[in-house]
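The values are calculated or read from the model by the stated rules, or taken from the named source; none is laboratory data. As the structure is a computational prediction, the values presented were derived from the model and not from experiment. Neighbour counts are summed over all protein chains in view; Cβ atoms, including those assigned to glycine, are modelled from backbone coordinates with ideal geometry. Areas reflect the complete protein model, heavy atoms only, side chains present, ligands, DNA and RNA absent. Shrake-Rupley method; radii C 1.70, N 1.55, O 1.52, S 1.80 Å.
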Amino acid sequence: MKPPIDPAAVFAAGRLIALPTETVYGLAAPIDRPDLIARVFKLKGRPATNPLIVHVGSLDQARSCVREWPDLAQRLADHFWPGPLTLVLPKAVTVSDVITAGQPTVALRMPDHPVALRLLQTSPAPLVAPSANLFTRLSPTRADDVRAVFDAADVEVVDGGPCRVGIESTIIGLDPDERTVSWLRPGLISQDAIRAVLPTDWHLQSGAASSVRESGQQAPGQMREHYRPDKPLTVVVSRRSPAEIFALPDDTEPGCTILALPDDPTIAARQLYQSLRQAERAGPDQIGLVLPPEYLDDPAWEGVVNRLRKAASVWRDEARSGGG
Ligand code: TXA
Ligand code: MG
């Protein structure tokens with residue numbers, strides 16, 4: 001496929017590229033352009049303490065960014081790349097501390113989107129690409145979501161259509177010395193899917209590796225980079241219907257915009273950020289969502305539930321508090 005633009009020319013002109021991926025759109029700059037990387041942080045309003053994911057179009061590019069490429073990284077890449085899985089590994093000295101926010105590790109991912117892959121393969125270097133939204137705002141899943149936020153003079157938006165996955169990639173940390181895999185951010189690829197390819201001498205743990213926690217470093221994948229809608233979102237975990245829980249709009253009450261989740265977690269993830277955008281634009285000043293209790297323990301729902309927890313101003317669990 002012919003690339004829609006010449007990435008080298010866009011970067012040479014001092015502009016960034018909004019990169020379509022299968023998860024969400026990213027705001028991209030080459031890893032060897034500190035000036036453009038600084039602009040990524042600045043335009044997003046992102047704190048310098050929050051590291052960026054490096055996107056690669058080949059395994060050679062991935063290997064060039066790490067100190068070592070363990071067998072497990074190869075195995076995971078064989079199974080899940082290109083795809084919505086980000087691997088955090090000890091970084092090569094050539095990867096700048098600005099990208100990794102001073103961490104000794106780098107996050108890597110090969111996106112499963114033909115346009116992204118083509119751009120990465122024709123780009124002079126791997127590309128950092130955080131989600132192309134303002135800090136604490138909704139991640140973009142369509143080109144127009146990016147255009148609504150960034151100036152065309154700053155960002156060349158490449159339209160790759162609506163994002164198929166709809167929520168950000170799963171992030172895991174690989175510690176080759178401890179032979180542990182840390183579960184840092186849930187996404188479409190579940191813990192079970194990762195476990196299914198782990199050799200028996202590796203184990204999966206939730207949260208950052210003990211070496212990271214003990215050193216007092218931040219575990220950035222777990223940073224509370226909260227998305228908060230313009231209008232407060234109340235999530236109620238319940239078997240009751242939305243109409244029983246929330247005041248619906250009528251002649252006397254402004255009521256609530258009810259967000260309905262499809263039964264299929266993959267479709268729910270795909271639609272999540274667009275549904276929240278629509279709810280923000282709708283009339284009422286409140287957004288309400290009812291979550292069936294069984295979703296909380298279902299690995300297939302982990303990514304969506306995680307994003308809803310971050311977005312909710314109020315989280316009420318009727319099942320656990322004894323009600324409903
Ligand atoms: O699906 C995705 O991952 C999208 C698309 C554009 O690829 N990108 C994305 O980037 O979600 P961003 O910057 O919005 O989220 C990256 C997350 C942050 O929570 C950051 O703290 C974490 O990755 N991260 C980056 N480098 C890390 C590292 N070395 N160790 C742990 N977490 C890291
Ligand atoms: Mg983000």
Condition set buried (at least 16 other Cβ atoms within 10 Å of the Cβ) and either within 16 Å of ligand 2 (Cβ to nearest atom) or part of a loop (DSSP other than H, G, I, E, B) (or both), scope segment 190-213, selection modelled with the lowest pLDDT: answer is Ala209
Filtering helices (runs of 4 or more DSSP H) wholly in segment 55-133 for at least 1 residues that are within 9 Å of ligand 1 (Cβ to nearest atom) gives 97-100, 114-122
In segment 82-103, how many residues are surrounded by fewer than 21 Cβ atoms within 10 Å (Cβ to Cβ), free of Cβ contacts under 8 Å to residues at least 60 places away in the same chain and touching a strand residue (DSSP E or B) at 6+ places or on another chain (Cβ under 8 Å)? 2
Could you list all residues from segment 276-287 that are in contact with a helix residue (DSSP H, G or I) (Cβ under 9 Å, 6 or more places away or on another chain) and farther than 11 Å from Leu138 by Cα? Ile287
For the subset of segment 279-296 comprising residues that are part of a helix (DSSP H, G or I) and of a type in the set (A, V, I, L, M, F, W, C), which member is least open to solvent (accessible area, probe 1.4 Å)? Ala279
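Is it the case that Arg118 is more than 14 Å from Ile31 (Cα to Cα), open to solvent by 60 Å² or more (accessible area, probe 1.4 Å) and within 16 Å of ligand 2 (Cβ to nearest atom)?
It is false that Arg118 is more than 14 Å from Ile31 (Cα to Cα), open to solvent by 60 Å² or more (accessible area, probe 1.4 Å) and within 16 Å of ligand 2 (Cβ to nearest atom).
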Tell me the residue from Ala300, Ala279, Ala260 that is under 18 Å from Pro162 (Cβ atoms) and small (Gly, Ala, Ser), please. Ala279
Single match in Pro220, Pro254, Pro249, Pro284 (criterion: within 30 Å of Val106 (Cβ to Cβ), in contact with a Pro (Cβ under 7 Å, 6 or more places away or on another chain) and at pLDDT below 95): Pro220
Please find, within segment 155-169, the residue that is least open to solvent (accessible area, probe 1.4 Å) out of those that are under 20 Å from the mean Cα position of the chain (by Cα) and among the charged types (D, E, K, R). Glu168
Take the residues of segment 38-52 that are part of a helix (DSSP H, G or I) and open to solvent by less than 30 Å² (accessible area, probe 1.4 Å): which is nearest to ligand 2 (Cβ to nearest atom)? Lys44
Just one listed residue, out of Gly187, Gly161, is on the phi < 0 side of the Ramachandran plot and modelled with pLDDT of 95 or more, and it is Gly187
Name the residues in segment 238-275 that are among the polar types (S, T, N, Q), assigned to a loop (DSSP other than H, G, I, E, B) and in contact (Cβ under 8 Å) with a residue 12 or more places away in the chain, would you? Ser238, Ser241
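Going residue by residue through segment 69-79, is there one that turns out to be of a type outside the set (A, V, I, L, M, F, W, C) and over 26 Å from Gly166 (Cα atoms)?
We begin by selecting, within segment 69-79, every residue of a type outside the set (A, V, I, L, M, F, W, C); these are 70-71, 74-75, 78-79.
Going one step further and asking which of them are over 26 Å from Gly166 (Cα atoms), we end up with 70-71.
Among the residues of segment 69-79, at least one is of a type outside the set (A, V, I, L, M, F, W, C) and over 26 Å from Gly166 (Cα atoms), which makes the answer yes.
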When residues of segment 21-37 are filtered for being away from ligand 2 (no atom under 16 Å from the Cβ) and of a type in the set (Asp, Glu), how many remain? 2
Tell me whether segment 147-154 contains one or more residues that are small (Gly, Ala, Ser), buried (at least 22 other Cβ atoms within 10 Å of the Cβ) and over 11 Å from Thr23 (Cβ atoms). no
